[in-house]
Each structure stands twice: as C-alpha cells, then as structure tokens.
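Since the structure comes first, as structure tokens, the remarks are kept for the end.
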Amino acid sequence: MSETAAKAPGAAPAAPAGDANRWKALVFIALAQLMVVLDATIVNIALPSAQQDLGISDGNRQWVVTAYALAFGGLLLFGGRIADLWGRKRAFVIGLIGFAAASALGGAAQSGAMMFGARALQGVFGALLAPAALSLLAVMFTDAKERAKAFGIYGAIAGGGGAVGFILGGVLTEYLDWRWTFFVNIPFAVIAALGAYFVIREPEGGRNRNPLDIPGVLLSTLGLVSLVYGFTRAESDGWGDVTTVSLFVAAAVLLIAFVVTEAKVKAPLLPLRVVTDRNRGGIYLSLGIAIIAMFGTFLFLTYYLQVIQGFSPIKTGFAFLPMIAGMMVGSTQIGARLMTRVPARLLMGPGFLVAAVGMLLMTQLEIGSSYASTILPAMLLLGLGMGTAFMPAMSLATLGVEPRDAGVASAMVNTSQQVGGAIGTALLNTIAASATTAYIKDHIAGATSKSQAQLVQMEGAVHGYTNAIWFAVGMLVLAAVIVVTLVNAGTPGSTTVTGSGTGADDAEDAVAVPVIAH
C-alpha cells in the first residue's frame, strides 16, 4: 500500500471507508472469541463425567482447569508480543488451528495425563489467539463510531459467552458425551480460521520486528505462572501452606525483576509506556478487580442453583440467560451508543456500580429464595452493568497505542482478566468456606436429627456464598472508584482531525492518550 508508506511512523493505517471486509472479519474474530470464552466454562460442566471416565482422582481433577489457566495466564504477554512480531492475522490463524488440534486431543483423551496435556496445549494456543483477536480489532477499526460498534459486539461476546458455556456444556454432557465439550471447538476454529485467512486484511506497517526480549519472556512467564498457581494452591491447600507462600514470594521476586528488566532493555516484551499510561493502567486494574467479583459469583450461583435449589445442569445454564441479555443490552445499546458521546469513566464507573447493586441483591439469598424475585433482577443488573463497563474498557485498553504495541496491550487486557479470575476463584472460595465452617460449627449442636443436620449444612453453604458475595460487592465498588480516579480520557471521536495524514488514529491519540515519552 503506497498510502501506508506515506503515513507517519507509528500511525495505524485506517481501514478504507468502503472496505466491507473489516465487518466480515469481525464475524470470524467474534466467533473465535466466543470459542475461547465458552471453553472456559463448558469444561467445568463436563468435569465430573470426564473424571469418572478417565479415572482421575479428586486430588488431581483440579489440573483439568489449572493446566489451562497456567499456560494461558503465563504465556499471554509472550503471545501478544508474538502477534506483534509475526503479524496478528498469522498469529490468529495459527492460534485457531492449534486450539482445534488441542481440543481434538482432549476429546480423544484416554487418561488423565493426556487430558492435562491437551488442556495445557489449549492454554498455549489460547494465549496466542486471544491477544491477536483483540489487537486485530484495534488496528482494523480506527474510526471512533465504527470502533464503538465493533467493540460493543466483542465486549458482549466476551462478557456473555461464559454463561452460554454453562448451557452448551449441560446440553452436550447430558445428551451426548463429555468429549463433545472438546470436539465442539473444532468447527468453531475451522470456520473462524478459514474466514480469517480469506477475509482479514491487516493494515501494513504495524509490526514490531525487534528481536524477542528473552529475559522478559522467561521472567514474565514464570512470574505469572507462579502467581496463578499460588492462588490455585491457596484454594486447595490454604493460604498458610509452605508451597503457597513460596509461590507468592517467587511471583513477587520474578515480576519485580521483570519490571526492572523491561525498564532497561532496548526492545522490551512489555514496554512500560503501555501500562504507565494512567488510562490503560486504570483499565487493566479495574477490569482485574471486577473479574474477581464476576468469577466468584458464577461459581457460587452455579452451586447454589444445582445443590441448594436442585436445578439440572441445563436448567442452571438457562438460568444465566438474563445475565447474557443484560450484557448484550449494556454493551451494544448503552456502551456502544454512548462511548462516542461521553468519557469512558462515566460509562465504566456507573456500570460497575449497577453491577454492584445486582451483587447486593444476591447477598439476600436464602435456601428458599425465589428465582423470579431475587436472582432474576440481580442477574439482569449484573449483566447490564458489566456489559456497559466492559465495552468502553475493551476499546480504551488498546486505544491510542502504537501499532507495534497493539498485541501486547491486548494481551494485558486478557492477563488482567485471567489473573483476576484466578484470584477471584481462590479468594472468594476461601471466604465462603471459612464462613460456612464457622456457621455449621455454631449451629450443628442444635440439630437433633439427620434432616436437621443436613439443613444446617445447606444453610451454612448459603451463608458462605452470601459472605463471599458481600466481598464481591466491595470489589465492584473499588473498581468504580479506580476508574473514576485514574481514567481521564476524553470522549473518543470528540476531536476532528482533517488533512493530518494520519487518519482516525490522530483523533484518538489526541483525546484518549496522555503524552508519554516513547
């Protein structure tokens, strides 16, 4: 492209106004994102059946989830940098093919070790795929209004896909076989890869061809793996366990060394300019904290509906549909429509607070709580608030970054979510377990029959859930405070730049990114 060559260094070429391919590309990018998000929850529904078939012990079953989380969370920054180096389209297609192959291996697993290996491979290719998908959107949609629509769709899928996984996982496990929760990824991946190969036209001139920062790769990967595994160990073995404490200490040392290294090397894996921007830093931090609340709530609601209320897996999945509807409305009808008119903090802050109100309703859960009067409105508010907040967050997290940094900036969004998810699951589970134990200890003496003892145990479980959900309410309020305090970007698209030679990115940089020394 001759136009690309004429652009200023570091400016992202805008997609031609008449090029409809970017909207076709969005379909395949969204399909890939849906596959990755679905996989995070769909396997959980199938885990009991898979454990029985493969003879996996109770002590080892956590590795079906942990192997994926460690590989995915630990390699995200590396995957983002590879996308910047190879090109996002190539990284995207390779990630899809690899994810499909790993899913086929998981579906065909004949032993626990084979299953764990397949899940780890899924995590590796997911770490390449996820940042490539988000950074493709960042460089392909540069017009403010188009960007808002594109990220609205992407945000709705990212937010609601996990709940859809509960439905699909329940249907596949109940009516087919747990192996189909893996095999179902293959058609998703093949269609998305073929579509991406023929449709995506990645703008030229945005690659980062600097040599890989090997010390940064090793330090970040080992540091993030230690952090994620530390929280996983804390959930199963306790916060005071020697191995748990050692993992946290190692994570702190490795990540501090990583920051020091990135400040000194010529071509860092994570240029500190990406995270020291107060807007992006605020987005990453608030998203991570909000995800802590979200992950724990998904888990507790699933247990509450199935164990306490006696819902089947399929009925539980459908019970999450109002939250999906809320996310869709919040993301596409509120976030996307208002993002070009009001500053992001005025969408994200209130969005997190609306979600906090939904969480607050869930603290009223009791054994006989009505789904219609308590859970339904809570889910609607939670979905509406998170959808409204996620949409501008996804866009602003990559807005105004230099094209050569788009992949690693996108990886930071996924990293904050993955680490937040690991922290949320472990932290909220620990809070719930402690509250449940204390409740049962205080009330079990008054139980004079087996049925009364079972009732006390159920009451204790619900008491634990609501205690943890109170903590989640606080997390969402904290996320709102962080957004209002740190995120000060203007309204995307509020500045019109004509004749500058750099297209829409100039307008975005002018209003959304403080001056940073590059």
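For segment 197-207, state whether one or more residues are touching a helix residue (DSSP H, G or I) at 6+ places or on another chain (Cβ under 7 Å), aromatic (Phe, Trp, Tyr) and modelled with pLDDT of 75 or more. Before you say what the answer is, go through the steps one by one.
Residues of segment 197-207 that are touching a helix residue (DSSP H, G or I) at 6+ places or on another chain (Cβ under 7 Å), as a first pass: 197, 199-207.
Add one more test, that the residue is aromatic (Phe, Trp, Tyr), and what stays is 197.
Still in the running and modelled with pLDDT of 75 or more: 197.
Yes, segment 197-207 has at least one match.
Can you give me the number of residues within segment 362-383 that are surrounded by 14 or more Cβ atoms within 10 Å (Cβ to Cβ), among the hydrophobic types (A, V, I, L, M, F, W, C) and in a loop (DSSP other than H, G, I, E, B)?
Residues in segment 362-383 being surrounded by 14 or more Cβ atoms within 10 Å (Cβ to Cβ), among the hydrophobic types (A, V, I, L, M, F, W, C) and in a loop (DSSP other than H, G, I, E, B): 1 in total.
Identify the residue in segment 40-67 that is more than 14 Å from Thr425 (Cβ to Cβ) and part of a loop (DSSP other than H, G, I, E, B) and, among all such residues, is modelled with the lowest pLDDT.
Selected residue: Gly59.
Return yes when Asp237 is closer than 29 Å to Phe78 by Cβ, of a type in the set (Asp, Glu) and assigned by TED's automatic domain parsing to the domain that holds Leu455 and no when it is not. Steps first, please.
Working: closer than 29 Å to Phe78 by Cβ: yes; of a type in the set (Asp, Glu): yes; assigned by TED's automatic domain parsing to the domain that holds Leu455: no.
No: the conditions fail for Asp237.
Looking at segment 219-257, which of the residues that are among the polar types (S, T, N, Q) and free of Cβ contacts under 8 Å to residues at least 12 places away in the same chain is farthest from Leu270 (Cα to Cα)?
Looking only at segment 219-257, we keep the residues that are among the polar types (S, T, N, Q), and these are 220-221, 226, 232, 236, 243-244, 246.
Next, only the ones that are free of Cβ contacts under 8 Å to residues at least 12 places away in the same chain stay: 243, 246.
On the way: Thr243: 29, Ser246: 25 Å.
This residue is Thr243.
In segment 173-187, what residues are assigned to a loop (DSSP other than H, G, I, E, B) and among the aliphatic types (A, V, I, L, M)? Full working, then the answer.
As a first pass, look at segment 173-187 and keep what is assigned to a loop (DSSP other than H, G, I, E, B): 176-179, 184.
Passing the criteria: Leu176, Val184.
Any chance segment 142-151 includes a residue that's in contact (Cβ under 8 Å) with a residue 40 or more places away in the chain, under 18 Å from Ala32 (Cβ atoms) and either in the same structural domain as Trp23 (by TED's automatic domain parsing) or not in a helix (DSSP H, G or I) (or both)?
yes
Across segment 329-345, what is the total count of residues that are in contact with a Leu (Cβ under 8 Å, 6 or more places away or on another chain) and either under 20 Å from Leu476 (Cβ atoms) or surrounded by fewer than 22 Cβ atoms within 10 Å (Cβ to Cβ) (or both)? Steps first, please.
Going through segment 329-345, the residues in contact with a Leu (Cβ under 8 Å, 6 or more places away or on another chain) turn out to be 329-330, 334-335, 338-339, 344.
This time we only want the ones that are either under 20 Å from Leu476 (Cβ atoms) or surrounded by fewer than 22 Cβ atoms within 10 Å (Cβ to Cβ) (or both), so: 329-330, 334-335, 338, 344.
Matching residues across segment 329-345 total 6.
Could you look through segment 96-108, keep only residues that are touching a residue at least 40 places away in the same chain (Cβ under 8 Å) and surrounded by 21 or more Cβ atoms within 10 Å (Cβ to Cβ), and pick out the one that is farthest from Glu402 (Cα to Cα)?
That would be Gly106.
Kindly establish whether Gly407 is modelled with pLDDT under 75, surrounded by 22 or more Cβ atoms within 10 Å (Cβ to Cβ) and either closer than 30 Å to Ala91 by Cα or in contact with a Pro (Cβ under 9 Å, 6 or more places away or on another chain) (or both).
Against the criterion (modelled with pLDDT under 75, surrounded by 22 or more Cβ atoms within 10 Å (Cβ to Cβ) and either closer than 30 Å to Ala91 by Cα or in contact with a Pro (Cβ under 9 Å, 6 or more places away or on another chain) (or both)), Gly407 qualifies.
Give me the helices (runs of 4 or more DSSP H) completely within segment 236-311, filtered to those with at least 1 residues that are of a type in the set (A, V, I, L, M), surrounded by fewer than 22 Cβ atoms within 10 Å (Cβ to Cβ) and at pLDDT below 85, ordered by residue number. Write out each step before concluding.
Values: elements: 242-264, 272-276, 278-303.
Those helices (runs of 4 or more DSSP H) span 272-276, 278-303.
Could you please find all residues in segment 350-361 being surrounded by fewer than 22 Cβ atoms within 10 Å (Cβ to Cβ) and either in contact (Cβ under 8 Å) with a residue 60 or more places away in the chain or touching a Phe, Trp or Tyr at 6+ places or on another chain (Cβ under 9 Å) (or both)?
Pro350, Leu353, Leu360
For Val228, are the conditions met, namely being touching a helix residue (DSSP H, G or I) at 6+ places or on another chain (Cβ under 8 Å) and modelled with pLDDT under 85? Give the derivation first.
Values: touching a helix residue (DSSP H, G or I) at 6+ places or on another chain (Cβ under 8 Å): yes; modelled with pLDDT under 85: yes.
So Val228 fits the description; yes.
The values are calculated or read from the model by the stated rules, or taken from the named source; none is laboratory data. These numbers come from a predicted model, not from an experiment. Neighbour counts are summed over all protein chains in view; Cβ atoms, including those assigned to glycine, are modelled from backbone coordinates with ideal geometry.
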